[in-house]
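No lab work stands behind these numbers, since they all come straight from the coordinates. Everything numeric here is computed off the predicted structure, so don't read it as measured data. Note that each Cβ is placed from the backbone with ideal geometry, even for glycine, and that neighbours are counted across all protein chains shown.
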Amino acid sequence: MPKEGITGHFLVKKITTGGTSRFQHRLLYFANAMVDQKIGLEETDDGIWAIHFNTVLLATFDERDYIITG
């Protein structure tokens, strides 16, 4: 994922007040320290998403239960 301007197959989300971002009408909590930062979501398997910040893979989550692991 490019540092400046995320492109390609990433779904770009901005972390908002409270350290959260919306995905399919539900909130995912990341961290207050990430407010105003952008993350890239990449679907790696059916319903499994990788969460990237710049070039770093932070975690994955399953859209069926919204549990973040990693």
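Provide the convex hull volume over Cα atoms per residue for the chain, in Å³.
Expressed per residue, the convex hull around the Cα atoms of the chain is 85 Å³.
Taking a virtual spin label 7 Å from the Cα of THR17 along the C-beta vector, which residues in the range 34-51 bring their backbone nitrogen under 17 Å of it?
Only 34-37 pass the distance filter.
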